[in-house]
Structure formats: C-alpha cells, structure tokens
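*Asks:* Quick one: this structure, given as structure tokens, is what I'll be asking you about.
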C-alpha cells in the first residue's frame, strides 16, 4: 500500500476532514433507547432459527456419528445381525450372539391374554389356547400358520396379525427404548449376562448416534482430504484475484473514465450473468463446451477432435469453473467499486489534472487508496462466499473429472446429503462444514491484519 | 304463504337428502394413506396401483359389512436426493408417509433408524398374491432375517449390441441369436467385446470413443463390471467385502478401453439425451443400459429395437469372473406410525397392489419386469414382446446390491476410485490403494478387505 510520505500533496487530503463527529452524549435517544431492540425482536427469532441454530447444530453434529442409519432424534437398543457382528468380532462373544439371535414364539397364557387385550378375536384365541398351548415356533409365520388352521380363524390378515404379534418371547429384532428394557427382556428370555457382556451389549446394541471425534480422525486419514483442501484454496483465490476483485476493479475503473451512457450499458451487460438463473447459465456453458457444442464445432476444422472441452482434463475443468464463477462474481465488485469511485470528490481529480497527472497516476494515487475499504469488504465477502458456494461446480462438473474439481463445500454436500446408496453421513458432513467455518474465520482474520483494519477504522487524526 | 310452505318443504327435503348423504358418507372410519414414491413420468402406477387397491379394499370391507373410506394422497418425486431427504426428515418430524416406494438399498439404513417397520408384520406372505412373488426378489427385500418390503417391480441392466454393425464385422444372424447364450456361458467375454468395438471403429461404422458406452452417470450398473471380474459385494456373513484383485481388474478394464480408444476418458458426465440419442441411432456399437429404457428408446427416440439391437447379460471378464446382471427393484415400504389400524390398512393395500393384473400395468407401462410367476400369464404382460423375451434371459441371473447399513459409503468410494482411474487422475494401483485406505478409515471392521 501507499506510504503517506510518497503521496503527492493533492492526494494527502483526507476525506474525513470534511466530516464532523458530534460530541459524545449529544444525541440522546431517551425513552426510545430500547425501541430498536423491540422492533428487531421478530427478526431476532428468525436470525436465531435460520442462522444461529443451524450453526450451533452443525457444531454439535460434527462431533457425532449421525447418519441415515442412526436417525437424528435418537435410537433404540436392538439385538440384530448388524449389532451382533461387532459383538462377535470385537468382543469374541460368539456364543452369546448365537443365543441372543435365537427366535422363539411360544403360545402361552400371557400371550393369549395379551392377544385378547389387543382386541383379537376371542373365539380364535380360545381355540388357539386349546390346540397349541405351550407350543413354540422359530418364526412368527409359524404362529400365523397355526392361527390359520383354526376353525375360528380371523377373516382378515389384520385379525391374524393382532394375535400373532403377542407371542414373541425372544429379543432379536425388537426395538427397546432403553438399555434397561433390553436387559430385562434378555433376563426374561433366560440369558444371564456378566458385567463385561452387559457393557459390550450396551455399546453394540444402540442404534442411535453417539458423540465422537472419529470424524476428524477420519478426515485426517483420508487421502482425498488434502487434495480437496488444495482444490478449495486454488479455486477461491484464483477466482477472487482474477475476477471477483481484479477484474471487478478493471471494470469499475474503465467504466469510470467512460461517458455515463456507455458506462451504464457496459455495467448492465456485466450484470446479466448474475440475473440469469444459475441452472440456465451453467447449461449455456455446457452447450458451449460439450462434444457437439460450439467450441467443438469451431475448433474441429482447425484439427482439434471434438470432445467435451469442460471435462477433458483437470486444467480445462478448472478454467471453465473459474470463468463460470468469476464472470458472475465480478459484477458485485464492479458495482461496489464503481459507487465508491463515484464518492471520491471530483476536486481531487481536477487538482490532479492541473498538476499534470495521467490516468495511471490518478488510478494509483487517488482511486486505489480510496478503495481500500471496499476492496477489503469485497475480498472478505467474496472469499467467504466462494468458500461456501459450490452450486456452479455441482451443475457444471459435479467435481469431475475424477474428483479433480471437488471443493470442500461440494464434498460436504455430497457426504451429508447426496449418497447413491442412501447412507447420508450427517455427522461427517457437519464436521466437514465445521472445518470450513474455521477456515473462513481464519482467512478473514488474516485479511483484517493484511489490510491493517485498525488503521482503517482509526478515528481521523484532524479531529 | 303457500309459496313459503313449498319453499320450506323443498329446503327440508334438500337438507334431509344432504344429511343422509353425509351420514352415508360418514359410515365407517376414514383412513388417510399417504404414498411417496420415486417415480418418473412413466411410473404413474407406483402410486396408481395403491389407488386401485384402495378402491378394491373399500369394496371388500363393504361386502364384509364394515364399510371404510380410504383417501390416498400420492406424492411422486423424480430426484433421489430430494426424495430421501424428504422421507427421512418427514420421519424425524413424525409426519412420514404411510407407504414409501423406494429402492431396496434404502431398507438397511431406514430399518436401523426405525423409520420403517418389517412389512411381514402387516402382510401375509404365505397367502396369495405374495406367496407367488419370485423368491429371489423377496430375498432382496429381506434384511436381518425379516422381510421389510414387497417388491414393486423388477428390472435388469443388460448389455446391448447394435445388430447392423455386428453383422458388418462378420456376425451372422445365427451368431447374433446365439450371442446371449455365449455370453452367459463365458465364451464371449469383455475382452472379446472390446475387440469387436475396436473393429467397428476401425471399419468406420462408429466414431472413435463410441465403440462401447456404459451408463453415463453414477449408478449401481458399475458393480456388474466388478462382479464380471469375480468381485463380491458381501462375504457370506453379511459383511461388506472389497476384493482388491477384482476391483483392480474392473478399473483396469475401463483404463484399457480408454487406451484402446473405444470409450472416452470423460464418458461419465455425458448428458442422458446425448447418450440415448447416440445409441438409438447406431452411432454407438455396444452399450450397457437398463431394461426400463426400452420404453424411452422405442417411444421418444423412435428406435426399431428388435431390428437393431441384441441383448445379453453383461459379459464376464474371463478367469474368475462371470456374466451377470443386476436388478435394483423398487419396493413398497411401510413406515412406523402411531395408528396401528392405518398401518394394517397400508399392509392390505400393498398386498392388493401386488396382484399380477395390477402390477402388470406398471410393468408394461414403464417397461419394467414383473414380480411374480402368475404375472407372466396376465395377457397384458404375456403379450409384450420385450418383457416376454427379456425376463427369462436376464431375471434368473440377476443379483442385487446388498442390504447393508454401510453399503452407501462403499458405493461412493468404489465410484470415486473408478472415476479417478478412468479419467487418468490416478493410476489403477493408486486408486485401489486410496480406495482401501478410505474404506478402512470410514468403515473399519465393517468391511472385509481381500
């Protein structure tokens, strides 16, 4: 940045010299002091619901193994093939697992009574008791076959099911709300557990999520994590430097020196990609790039075989992604910078012209120093938005070819919300986004340091 | 005055008629049954079959003298991600639909989380029509020794050959007629296929990179190539299985195909309409697709299928490998609800919707395969050449993805590795090493690595 001593005299005039800060305490809000807070209260509710709560939940979820299989609201205790597998492999409890997974359906008095209470057909239940009391079956379908053999069999499937549901005496595939319920059922089933087995069962039988730091360990172990991180940093900073700040500055400065009419026209053109629906905008890029598209048609006579130019190589894919994002992103910086340039007093330009400054000197000594604030703002804002934006990448390359353009935010989305086999990893996805938040905050702090934020916000010396 | 009396009388009569109507309509309990389905435009009978079943069931109850009313609220989804998010979040909020029509691979995670209940607790599998469903399909809907769902349809992912090009490189009509059997017996392998694809390109019948086109997006179809080289997705004990040799051979096959020039390195990502357009007009020599795509090819793309295409299982890769095909049936699932009565009704609706005549409506309308033996004898089904010819060639040899809580993660890692090798981002060895590391990190002892 420019040192004050090297500035020409017309550039050292501070804008803030013209502004006056009212003496402290002069503005008295009086009784309306809290009015603003009250007015903002409804907004506060929304801010909490839609901004704060998701961030807090993401933070919490990041330390869990939550997934489609564990559910979000909580789990149950269940003896099943899935839960018995770790009991065998981790704890070596093969015999216990075999006994627990035994299925037994017994026609007993308790079951008959329960069937009556559940609204089962009384005649059928009585006949079932007469003919099958104390008989056991290894499947519920066995009980149902017995019920269907009765002369008083219920006429509907539901009637049969109401009765057959009451005779299960085993614990396999039953969901218990608490560990205690499970242990009671196991004990009723006639299996005595020692302390170690009780402990092990509590671990393996729970179907819900638990708190863990495994997500972060996995993240470090996975070979693609570092690649995704490098991809992200490359994507963010290349787009930011080339387009969102760099090209935006070029646009705003060049249009500043144009007559108002054409300047407005050019700015409007650059706004078009921003007002085009993203899906259509990316579709047009795809039409341009695919193997029967414009590029292939134009380049074929020059000896380039038709191909999908966007996905042909990682370099191509990156070029397209940065162009797609950059062309949209530049317009925002352009608007902010243009209005900031407009706010520079014309007297500075006039004075510089009298002193014989050329356009380059004007840009270097007047415009850029006055744009430090907007540049800082755009840099931080766009960094954060690029870090979290993946919609154009998802639509254009979906992280391809071969994961070459997979950035952190896209990876988060894919892990947490898009899995072809239906196994959505909410916990791991949340952990990934937590890392993204940390990266965002760190980068912002670095910017504040780089741009010397304290000096930017220091009270004017003249006052 | 007379006028007034007449008007009052008319009003009274009208009121009586209206109230009696209301009383009539109010007889019996009313059930609101919601059905959410993953369904494209030709899959209207995924929900429609339940509507037909509701009509029949209302009549059955009326005949039995216990009238009920059933209102079906259907909601079709076309996007898998949106559908899964919708169903899981609705379930967490306690507003899950009564019946869900989803892929069978959703069974394991949804069963584990308690979102769904075993359908066998609400239907009679030993009575018609459910006792007639193909046993291998019921096997696919079972998880942890319980039947969780009733198959809604079946399909298969065959291999296709463009007949005129095959003839141009020397195949006779008889050769083509016997090709499916040669593939099945292992006499025609993926290596032969690559050679033939290359011949077609060299003869100028198809352009470079268009000798062989598999599915252009992520999909379970790619497991068939893993199985073609001897891979298995699960060991015998319900644990996921990574066979590194088979996985490497499968990745290598696609790398070789790229090197040979019969397929593009960026084939994944080809837009669907470009894919359909090319293979229905003879611009592609051989391809791998789905039985249900027959409807689209012969309808939207106007393809004369039987004149131009021969089909078979996906050829084996030689050695340990085997010719195979994969079926990913959609299934009727029941969610956990507070109202046991409504769950009973849902079970009865699913049972009726699985009757051959009703299921055949979906099978033929969407070019899917049937679910039961009796369905083969339903006129509509038997009269359809595609289902009649495809069913015996494919369905008996179809395997399915395992119902395993962690299978979805394995799937993504497998496909990530394939893409990295195929597009040249990693060598096959690097890709396999990364797949192994990733599976170990993500799944630990839940996967066996050989």
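*Asks:* At a threshold of 8 angstrom on Cα-Cα distance, excluding pairs fewer than six apart, so keeping six or more, what relative contact order does chain B reach in percent? If you can, show how the numbers build up before the last one.
*Replies:* Working: 774 pairs, mean separation 110.1, N = 450.
Relative contact order for chain B comes out at 24 percent.
*Asks:* Neighbour counts of other C-beta atoms within 10 Å: give me B:343, B:286, A:219 arranged from fewest to most.
*Replies:* Numbers: B:343 23, B:286 26, A:219 18.
Ranking B:343, B:286, A:219 by Cβ neighbours within 10 Å, fewest first, gives A:219, B:343, B:286.
*Asks:* How large is log10 I(q)/I(0) at q = 0.14, 0.29 Å⁻¹ when the Debye formula is applied to the Cα atoms of the stretch A:105-167, each weighted equally and without solvent?
*Replies:* Relative scattering, expressed as log10 I(q)/I(0), comes to -0.28, -1.46.
*Asks:* Between residue B:59 and residue A:145, how high is the FRET efficiency from 1/(1 + (r/R0)^6) when r is the Cβ-Cβ distance and R₀ = 35 Å? Nearest 0.05.
*Replies:* The formula returns an efficiency of 0.80 here.
*Asks:* Report, to one decimal in Å, the Kirkwood hydrodynamic radius for chain B based on all distinct Cα pairs.
*Replies:* On the way: mean 1/r = 0.0417 Å⁻¹.
Its Kirkwood hydrodynamic radius stands at 24.0 Å.
*Asks:* Within 10 Å of each Cβ in A:63-75, how many Cβ atoms from other chains are there, averaged over the peptide? Each step should come with its number before you reach the end.
*Replies:* Numbers: counts 0, 0, 0, 0, 7, 13, 12, 5, 9, 6, 6, 3, 3.
Counting other chains' Cβ atoms within 10 Å and averaging over A:63-75 gives 5.
*Asks:* Another question, then. Would you order A:318, A:287 from fewest to most other beta-carbon atoms within 10 Å of each residue's own beta-carbon? Show your work: numbers first, answer last.
*Replies:* Numbers: A:318 18, A:287 13.
If I rank by nearby Cβ atoms, fewest first, I get A:287, A:318.
*Asks:* In addition: Peptide B:83-96: average number of partner chain Cβ atoms within 10 Å per residue?
*Replies:* Working: counts 1, 7, 5, 0, 2, 6, 1, 0, 3, 4, 2, 1, 0, 0.
That average works out to 2.
*Asks:* Ranked by Cβ crowding within 10 angstrom, fewest neighbours first, how are A:448, A:96 ordered? Intermediate results must be reported in sequence, preceding the final value.
*Replies:* Details: A:448 15, A:96 20.
By the 10 Å Cβ count, ascending, the order reads A:448, A:96.
*Asks:* For the stretch A:47-197, rounded, prolate or oblate, judged on the Cα gyration tensor with a ≥ b ≥ c (square roots of eigenvalues), a/c < 1.5 rounded, else prolate if a/b > b/c?
*Replies:* On the way: a/c = 3.15, a/b = 1.69, b/c = 1.86.
Oblate is the answer for the stretch A:47-197, as a/c is 1.5 or above yet b/c matches or exceeds a/b.
*Asks:* Something else about it: I want to check the label-to-label distance for residue A:55 and residue A:134. Put each point 7 Å from Cα in the C-beta direction and report it in nm to one decimal.
*Replies:* Result: 7.0 nm between the two label points.
*Asks:* Now a separate question. Apply 1/(1 + (r/R0)^6) to the Cβ-Cβ distance of residue A:304 and residue B:79, taking R0 = 45 Å, and write down the FRET efficiency to the nearest 0.05.
*Replies:* On the way: r = 36 Å, r/R0 = 0.79.
Computed FRET efficiency for residue A:304 and residue B:79 comes out at 0.80.
*Asks:* Now for a different question. Would you compute, from DSSP H runs of 4+ residues alone, the mean residue ellipticity of the protein assembly as shown at 222 nm, taking -39500 (n - 2.57) per run and dividing by the full residue count, rounded to the nearest 500? If you can, show how the numbers build up before the last one.
*Replies:* Values: 43 runs with 482 residues, N = 913.
The helix contribution divided over the protein assembly as shown gives -16000 deg cm²/dmol.
*Asks:* Going by a ≥ b ≥ c, the root eigenvalues of the Cα gyration tensor, does the stretch B:200-359 fall in the rounded group (a/c under 1.5), the prolate group (a/b larger than b/c) or the oblate group?
*Replies:* Numbers: a/c = 2.66, a/b = 1.47, b/c = 1.81.
Verdict is oblate for the stretch B:200-359.
*Asks:* Could you check the simple spin-label distance between residue A:354 and residue B:177, using points 7 Å along Cα→Cβ, in nm with one decimal?
*Replies:* With each label placed 7 Å out from Cα toward Cβ, I get 10.2 nm.
*Asks:* Considering Cα pairs under 8 angstrom that are at least six residues apart, work out the relative contact order of the stretch A:105-167 and quote it in whole percent. Don't skip to the answer; put the middle values down first.
*Replies:* Values: 82 pairs, mean separation 30.5, N = 63.
About 48 percent, as a whole number.
*Asks:* Under the definition of Cα pairs under 8 Å and six or more residues apart, what whole-number percent is the relative contact order of chain A? Show your work: numbers first, answer last.
*Replies:* On the way: 524 pairs, mean separation 97.9, N = 463.
Relative contact order here is 21 percent.
*Asks:* Inside 10 Å of the C-beta atoms of B:141-154, what's the mean count of C-beta atoms belonging to other chains?
*Replies:* Numbers: counts 0, 0, 4, 10, 7, 7, 1, 0, 0, 0, 0, 0, 0, 0.
Per-residue shielding by partner chains comes out at 2.
*Asks:* Further, regarding this structure: Using a basic spin-label model with each label point 7 Å from the Cα along Cα→Cβ, how many nm lie between residue B:71 and residue A:241?
*Replies:* Inter-label distance under the simple model: 6.2 nm.
*Asks:* Can you compute the FRET efficiency between residue A:177 and residue B:169 using 1/(1 + (r/R0)^6), with r the Cβ-Cβ distance and R0 = 56 Å? Round to the nearest 0.05.
*Replies:* Values: r = 66 Å, r/R0 = 1.18.
It comes to 0.25.
*Asks:* Let me ask something else about it. What percentage of all Cα-Cα pairs in chain A are separated by more than 29 Å?
*Replies:* On the way: 74278 of 106953 pairs.
Tail fraction, whole percent: 69.
*Asks:* Using only alpha carbons, build the gyration tensor for the protein assembly as shown and give me the equivalent ellipsoid semi-axes, biggest first, whole Å. Could the numbers behind the result be given before it?
*Replies:* Values: eigenvalues 644, 315, 189 Å².
One finds semi-axes of 57, 40, 31 Å for the protein assembly as shown.
Read-outs throughout are calculated quantities, based only on the coordinates presented, and are distinct from any laboratory measurement. Only a predicted model underlies this, so the values are computations on that prediction, with no experimental measurement involved. Backbone-built Cβ (ideal geometry, glycine too); neighbour counts: all protein chains shown.
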